[in-house]
Structures are given as structure tokens and as C-alpha cells.
1. So how far apart, in nm, are the two label points at ARG99 and ARG66 if each is 7 Å from Cα heading toward Cβ?
2. May I ask for the Kirkwood hydrodynamic radius of segment 83-123, worked out over all distinct Cα pairs and given in angstroms to one decimal?
3. Treating cross-link reach as a plain straight distance, find the lysines whose alpha-carbon is under 30 Å from the alpha-carbon of LYS42, omitting any fewer than eight places away in the same chain.
4. Whenever you get a sec, compute what percent of the accessible area on segment 45-123 sits on carbon and sulfur atoms (1.4 Å probe).
5. Quote the relative contact order of the chain in percent (integer), defining contacts as alpha-carbon pairs under 8 Å separated by 6+ residues.
6. In angstroms, what radius of gyration and Dmax does segment 49-96 have, counting Cα atoms only?
7. Using Cα springs under 10 Å in a Gaussian network model of the chain, which residue among ALA74, ALA49, ALA91 shows the largest mean-square fluctuation?
8. Over the Cα atoms of the chain, what is the Rg over Rh ratio if Rh follows Kirkwood?
Amino acid sequence: VQLQASGGGSVQAGGSLRLSCARSGRTFSMYDMGWFRQAPGKEREFVAAVTWRGGTTFYSDPVKGRFTISRDNAKMTVYLQMNSLRPEDTAVYYCASKRNGGGYYDFLSYDNWGQGTQVTVSS
């Protein structure tokens, strides 16, 4: 099973990007999925998560109201729509699938990580 993140790039503050994370494997629909990010010199932090049916979403406070996580199980893809981007959103963004149990906000609860995609927001 592999995760492939894409959609990163460079934008000015206030702009938008949509990240995608495509997963191979037949059991994509059975996994809750999350997005994390890591800026240089900082720890990896939770951004957003979505349950396997897509009915429940979770967001960190810094992105709440600006970012939207969604998924298309038929396409085996999870998305992160990022609006009103700020320079502090600059980071490498990672998608991951979550194990059963554990908190949605804890990166230790996730066991399968994509390679990351760079997002750079300039002021």
C-alpha cells in the first residue's frame, strides 16, 4: 500500500491550493485518513483528518475555517482544500492512514505515510 501526495506549490498569502493523496490498495475505504505538516525546525503537526466514510472531520485550530478535508473512496483519494493561505502555513504536507485506536490528532496513531508535498506561502 502506498500513498502519493501531490498538489503543493508556491502561492502568495490569501491564495489557495488543493492537495491530493492517492492511495493504492483495495482497502482504502476502510481507513481514516489524515494530513500533517512539518515546517523546518518544527515538529510534525496535525492539520486535518476524515473518517473512512467521510462523515466526520477534524481540524487543528490554526486551519479551522480555512482548510477542508474530503475524500473520494471510489478514486481512493483524500483531498485538502486550503484557502486563505498564510506564510505560517508553509511546510511539507504529509498524508497518512490511521490505525484503529489512538487519537486523530496524534501522529503516532498513523502508520502509513506518503512522501510529502511542499507548500510555500509568500507574504
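The values are calculated or read from the model by the stated rules, or taken from the named source; none is laboratory data. The model shown is predicted, which means the values in this text are computed figures rather than measured ones. Please note: Cβ atoms are built from the backbone with ideal geometry, for glycine as well, and neighbour counts cover all protein chains shown. In case anyone asks, the SASA skips ligands and DNA or RNA and just uses the protein heavy atoms, side chains included. Shrake-Rupley method; radii C 1.70, N 1.55, O 1.52, S 1.80 Å.
1. With each label point 7 Å from Cα toward Cβ, the separation is 3.2 nm.
2. That comes to 11.8 Å for segment 83-123.
3. Straight-distance partners of LYS42: LYS64, LYS98.
4. Result for segment 45-123: 49 percent of the exposed heavy-atom area is carbon or sulfur.
5. About 35 percent, as a whole number.
6. Cα only, segment 49-96: 11.4, 34 Å (Rg, Dmax).
7. ALA74
8. Result for the chain is an Rg/Rh of 0.94.
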